[in-house]
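Enquirer: Following this message is one structure expressed as structure tokens.
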Amino acid sequence: MITSGCEAATSNGMSKIVIANWKMRPETLEEAEDLFRISDGAIVCPPFVYLEEFSKIKSGAILGAQDISLSDEPGQTGEISGEMLTRLRVKYVIIGHSDRRWKLGETDEIVNRKLKTALVHELMPIVCIGEKSRDTDFEIFLRNQVMSTFAGLPSEQIEKCLIVYEPVWAISTTPGAKPDTPESALESIKIIKDSLIGNWKLEIGNSPKALYGGSVDSKNVADFLKEDEISGVLVGQASLNKEEFKKILDIVSSL
Ligand code: PGA
């Protein structure tokens, strides 16, 4: 059974959720283990190659994956199936990250199919939604991305997802990136939730948890998390620096 994101955070003694997205780093297993051991209470999404080793380590961190194959059909060179992930005690999977949407050509249709595959395997989806630029059309963009990402899913399934509002322009690897402000992140989260509630007739109390991602660090994390409607953060760059990530976790535990 998929637990809700809220239960996952509560079981780790934190009222807010912290997700570490390591992308294609660190370079060695030794560094990776070092980081994993200090990530108590966080959902850690390492590169696939570290998952097997981490599945054997006793730790307060929960395992997540950065991607999932579209289906379990075995003839897919280079892919990792949902079944393989669950065997390694992976509980979460990132779906529709902008790196995959924009740098690797993942279409809305692929994102939608991956989301459905994750749910079949009872992996909790961490669904990323976010505009490329904050222009006059950003609201329409967000509403369309929500519609195509969740197309065909029943409301009970949507309620189980964690949604991350992650504008591409705020991600640290985007040239000229700067973090969003809590106020404008909240505005976007409201648009995303409104779109889900309106189109899927979700009950307000049952709408999925929404998190923020994009240049989160120890200096700004508390500002985002003081908002009731921001249930957590997705941290990239700062989750790869042991001292910095420890600081973030300490701040979140103290909230
Ligand atoms: P960042 O990355 O925290 O380095 O901006 C977040 C992400 O892309 O998931």
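Enquirer: Is there a quick way to get the dipole size of the chain? I mean about its Cα centre, with the Cβ of Lys and Arg at +1 and of Asp and Glu at -1; what is the value in debye to the nearest 20?
Expert: Numbers: 29 positive and 39 negative charges, 35 e Å.
With Lys and Arg at +1 and Asp and Glu at -1, about 180 debye.
Enquirer: For Val49 paired with Met24, estimate the spin-label separation in nm (one decimal), with each label point 7 Å from Cα along the Cα-to-Cβ line.
Expert: Calculated label separation equals 1.1 nm.
Enquirer: Across every pair of different alpha-carbon atoms, what Kirkwood hydrodynamic radius in Å does region 177-242 reach?
Expert: Numbers: mean 1/r = 0.0784 Å⁻¹.
In region 177-242 this quantity evaluates to 12.8 Å.
Enquirer: Measure of size requested: the Rg and Dmax of region 127-255, with Cα atoms as the atom set and Å as the unit; please supply both.
Expert: 14.8, 43
Enquirer: Could you check which residue among Ile129, Ile57, Ile197 shows the biggest mean-square fluctuation in a GNM of the chain with a 10 Å Cα cutoff?
Expert: Judging by the Gaussian network model, the answer is Ile57.
Enquirer: Evaluate the distance, in nm, between pseudo-label points positioned 7 Å from the Cα of Ser254 and of Thr107 along their respective Cα→Cβ axes.
Expert: 4.9
Enquirer: Right, here's the next one. Calculate the spin-label point distance for Glu243 paired with Gln76, positioning each point 7 Å from the Cα along the beta-carbon direction, and give it in nanometres.
Expert: Placing both labels 7 Å along Cα→Cβ, they lie 4.2 nm apart.
Enquirer: Sort region 44-161 into rounded, prolate or oblate with this rule: let a ≥ b ≥ c be the square roots of the eigenvalues of the Cα gyration tensor; rounded if a/c is under 1.5, and if a/c is not under 1.5, prolate when a/b is larger than b/c, oblate otherwise.
Expert: Details: a/c = 1.79, a/b = 1.71, b/c = 1.05.
Here region 44-161 falls in the prolate category.
Enquirer: Considering the Cα trace of the chain, what is its radius of gyration and what is Dmax, both in angstroms?
Expert: 16.8, 49
Enquirer: Could I ask something else about it? Kindly state, to the nearest 0.05, the FRET efficiency for Ser155 paired with Lys58, given R0 = 35 Å and r defined as their beta-carbon distance. Please list the in-between numbers first.
Expert: Values: r = 37 Å, r/R0 = 1.05.
It comes to 0.40.
Coordinate-derived values only; no laboratory data. Keep in mind the model is a prediction, meaning the values are calculated, not measured. With ideal geometry, Cβ positions are generated from the backbone for all residues, glycine too; neighbour counts draw on all protein chains shown.
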